[in-house]
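Data block below; observations after.
The values are calculated or read from the model by the stated rules, or taken from the named source; none is laboratory data. Predicted model only: the values in this text are computed from it and were never measured. Cβ: placed from backbone, ideal geometry, glycine included. Neighbour counts: every protein chain shown. For accessibility, only protein heavy atoms count, side chains too; no ligands or nucleic acids. Shrake-Rupley method; radii C 1.70, N 1.55, O 1.52, S 1.80 Å.
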Amino acid sequence: MKALAIDLGGTHATCGLVEDRKLLASETFDASSASLASILPTIAEVFRNLVQRESLALQDFAGIAAGFAGIVDSRTGRILGTNGKYEDGPEIDLDTWSRKTLGIPMRIENDARMALLGESFAGAANGFTDVVMMTLGTGIGGVAMIQGKLLRGKHAQAGCLGGHIPVLFTGRICTCGAIGCAEAEASGWSLPLIVKDWPGIRQSALAKYSNVGFKELFEESARGDSIAVAIRDRCLNVWAVDAVGLTHAYDPEVIVMGGGVMKSGEVIIPYVEQYVQKHAWTPWGKVQVRPASLGNNAALFGAVPLLSEPPH
Ligand SMILES: [Zn+2]
């Protein structure tokens, strides 16, 4: 099956043409506009160009599968909840837009669920039926597949808010409204706030950066900066505690970890795996923790399995 795939990340969007487990072509473009409606013409143009460049026709594709960073009901094709990006999303009927503009149907799913579908179909979770995927990025994606099926639930929000599992009841207010979510305690958006408030931060090498990301944090930790090491270790613990919570909730055989921070996977994976194997209650055996293998393209590889699902 051939599919058009799009990962709507918020600042950038990536469009791709996929054929089963192969990515034929892709293009990433700036999608930082506040409204989803305003970038739809660009999406259509990028898909048309990609298809033409590959000497294919739109009708060769089964449809468009979109990953969206928010709460999405793939059964009705609607965006239900946004998190500061594309606030007009819930008003847009993407399937109707796609049929009118490109002549093919469109399905939509939460971006982290799409990435899990991709890793399950063509990546690190291939061959497993019970999988949790954590994506560490600006936020934290945490999604679950149980007995070979994505967990969705009555309101489409089951098993896709793994980054919003509270890990600290005295913690920070999260963008979701809860307190001390894993995402509020160790993610791309919360890290600069954590660094800013850390006691003695002025004595740390981190003080020289205007905006500390995980790249800087892991680099300065590796150089031995003691405050960087302390903040890094705190982040590792937040992710590990979240992974234990997800293990207790969803009974996975494997946890796949992805996202930009996984450039430091050689530090993160063994730490989280050891912590989960020590602290999670799994009398059947030990949960494996593995790095994602499809990188930023994982969600694109979820297109074929999403479009292959029977209509609801
Ligand atoms: Zn939250």
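Looking at segment 147-229, what helices (runs of 4 or more DSSP H) fall wholly within it and have at least 1 residues that are within 16 Å of the ligand (Cβ to nearest atom) and more than 23 Å from G258 (Cα to Cα)?
In segment 147-229, no matching helices (runs of 4 or more DSSP H) lie anywhere.
So, in segment 247-304, exactly how many residues are within 19 Å of the chain's Cα centre (by Cα) and aromatic (F, W, Y)?
Here the count works out to 2.
Would you tally the residues in segment 105-146 being open to solvent by less than 20 Å² (accessible area, probe 1.4 Å) and assigned to a helix (DSSP H, G or I)?
So the answer is 8.
Search segment 95-104 for residues being in a loop (DSSP other than H, G, I, E, B) and not β-branched (V, I, T), and hand back the single one that is nearest to C176 (Cα to Cα).
Applying the filter and picking the extreme gives L102.
What are the pairs, 6+ residues apart or on separate chains, where a residue within segment 167-190 that is closer than 20 Å to V244 by Cβ has its Cβ under 6 Å from a residue that is open to solvent by 60 Å² or more (accessible area, probe 1.4 Å) and near the ligand (Cβ under 8 Å from one of its atoms)?
A178/P166; G180/P166; C181/P166
Do we find a residue being in a helix (DSSP H, G or I), at pLDDT 95 or above and touching a Cys at 6+ places or on another chain (Cβ under 7 Å) anywhere in segment 232-246?
Within segment 232-246 (the criterion being in a helix (DSSP H, G or I), at pLDDT 95 or above and touching a Cys at 6+ places or on another chain (Cβ under 7 Å)), the answer is no, since none of the residues qualifies.
With (1) more than 26 Å from C160 (Cβ to Cβ); (2) free of Cβ contacts under 8 Å to residues at least 24 places away in the same chain; (3) of a type outside the set (K, R) as the list, and L58 as the residue in question, which single condition is left unmet?
(2)
Checking the condition of a type in the set (A, V, I, L, M) and surrounded by fewer than 22 Cβ atoms within 10 Å (Cβ to Cβ), which residue from V287, V267 passes?
V267
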